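Asks: Supplied in structure tokens, the structure appears directly below.
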Amino acid sequence: MDVEIEINGTTLTAKLKGEIDHHSTVKIRLKIDSEIDKHHPQHLILDFTEVTFMDSSGIGLVMGRLKYVKLYGGNITVQNAPSHIGKVMYLAGIDKFVTIK
């Protein structure tokens, strides 16, 4: 799993690549949280374009980042999730808390 970070004004985009599971979420979380600490974004975009697999750890990753970015008054958008991952997010009810595009 890899994470590429982009900053554009008050928006932080984390482009996730590979598999999101209980082994990879710690690394992902630490990298994204470090960037949130540095930039205090108003908007965090989690781009799932290149995510090939996600288990329930991915749900925790999204919800944990939401809680963290809200400390700075921010919000989250999940974008470009492959259909099978988007389905899991909707079934988990994430769409009630974050924007899914």
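Asks: Could you state how much accessible area Lys27 has, in square angstrom rounded to the nearest 10, with a 1.4 Å probe and all protein chains kept in place?
Replies: Solvent-accessible area, nearest 10 Å²: 130 Å².
Asks: Also, quick follow-up: Hey, in the GNM for the chain with a 10 angstrom Cα cutoff, which one of Val51, Val26, Val78 fluctuates hardest?
Replies: In this elastic network of the chain, the residue with the biggest mean-square fluctuation among Val51, Val26, Val78 is Val26.
Asks: Return, ordered by residue number, the residues of segment 1-33 whose backbone nitrogen is under 12 Å from a label point located 7 Å along Cα→Cβ of Gln42.
Replies: Hits in segment 1-33 for Gln42 at 12 Å: 9-12.
Asks: Which percent, nearest 5, of DSSP beta bridges in the chain are antiparallel? Show your work: numbers first, answer last.
Replies: Numbers: 7 of 23 bridges.
Here the share of antiparallel DSSP bridges comes out near 30 percent.
Asks: Sorted by accessible area with a 1.4 angstrom probe, largest first, how do Arg65, Arg29 fall? List each step's numbers first, then the result.
Replies: Values: Arg65 15, Arg29 85 Å².
From most exposed to least exposed: Arg29, Arg65.
Asks: Not counting ligands, DNA or RNA, and with a 1.4 Å probe, what is Thr99's accessible surface area in Å² rounded to the nearest 10?
Replies: 70
Asks: Just to be sure I understand the rule: take each whole DSSP H helix in the chain, project its Cα atoms onto its long axis, keep it if the span is 15 Å or more and its mean Kyte-Doolittle hydropathy is at least -1.0. Which ones pass?
Replies: Working: long enough: 25-39 (21 Å, -0.66); 56-70 (22 Å, 0.40).
Membrane-span-like by this rule: 25-39, 56-70.
Asks: On a 1.4 Å probe surface of the protein chains, which of Ile100, Ile28 comes out largest in accessible area, and what is the full order? Before the final figure, lay out each step's value.
Replies: Numbers: Ile100 35, Ile28 0 Å².
Output order, biggest surface exposure first: Ile100, Ile28.
Asks: In addition: Mind checking which of Val51, Val3, Tyr68 is farthest towards the positive end of the chain's charge dipole, using Cβ charges of +1 (Lys, Arg) and -1 (Asp, Glu) about the Cα centre?
Replies: Farthest towards the positive end: Tyr68.
Asks: Right, another one. Given a cut-off of 14 Å, what percent of all Cα-Cα pairs of segment 1-83 lie beyond it? Could you put the intermediate results ahead of the total?
Replies: On the way: 1941 of 3403 pairs.
Result for the distance tail: 57 percent.
Asks: As a check on your grasp of the helix formula, calculate [θ] at 222 nm for the chain: sum -39500 (n - 2.57) over DSSP H runs of n ≥ 4, divide by the residue count, round to the nearest 500. List each step's numbers first, then the result.
Replies: On the way: 3 runs with 40 residues, N = 101.
-12500 deg cm²/dmol, from helical runs alone.
Asks: Express the relative contact order of the chain as a whole percentage, based on alpha carbon pairs under 8 Å and six or more residues apart in sequence. Could you put the intermediate results ahead of the total?
Replies: On the way: 173 pairs, mean separation 27.5, N = 101.
Taking the mean separation of contacting Cα pairs over the length of the chain, I get 27 percent.
Asks: Could you grab the relative contact order for segment 1-55? Cα pairs under 8 Å, six or more apart, rounded to a whole percent. List each step's numbers first, then the result.
Replies: Details: 88 pairs, mean separation 26.2, N = 55.
Contact order relative to length: 48 percent.
Asks: Something else: Ignoring ligands, DNA and RNA, how do Phe48, Phe97, Phe53 rank by accessible area with a 1.4 Å probe, largest first? Walk me through the intermediate numbers first.
Replies: Working: Phe48 0, Phe97 125, Phe53 95 Å².
Most to least solvent-accessible, the answer reads Phe97, Phe53, Phe48.
The values are calculated or read from the model by the stated rules, or taken from the named source; none is laboratory data. Just so it is clear, the model here is predicted, and its values are computed rather than measured. With ideal geometry, Cβ positions are generated from the backbone for all residues, glycine too; neighbour counts draw on all protein chains shown. Surface areas here come from the heavy atoms of the whole protein model, side chains and all, with no ligands, DNA or RNA. Shrake-Rupley method; radii C 1.70, N 1.55, O 1.52, S 1.80 Å.
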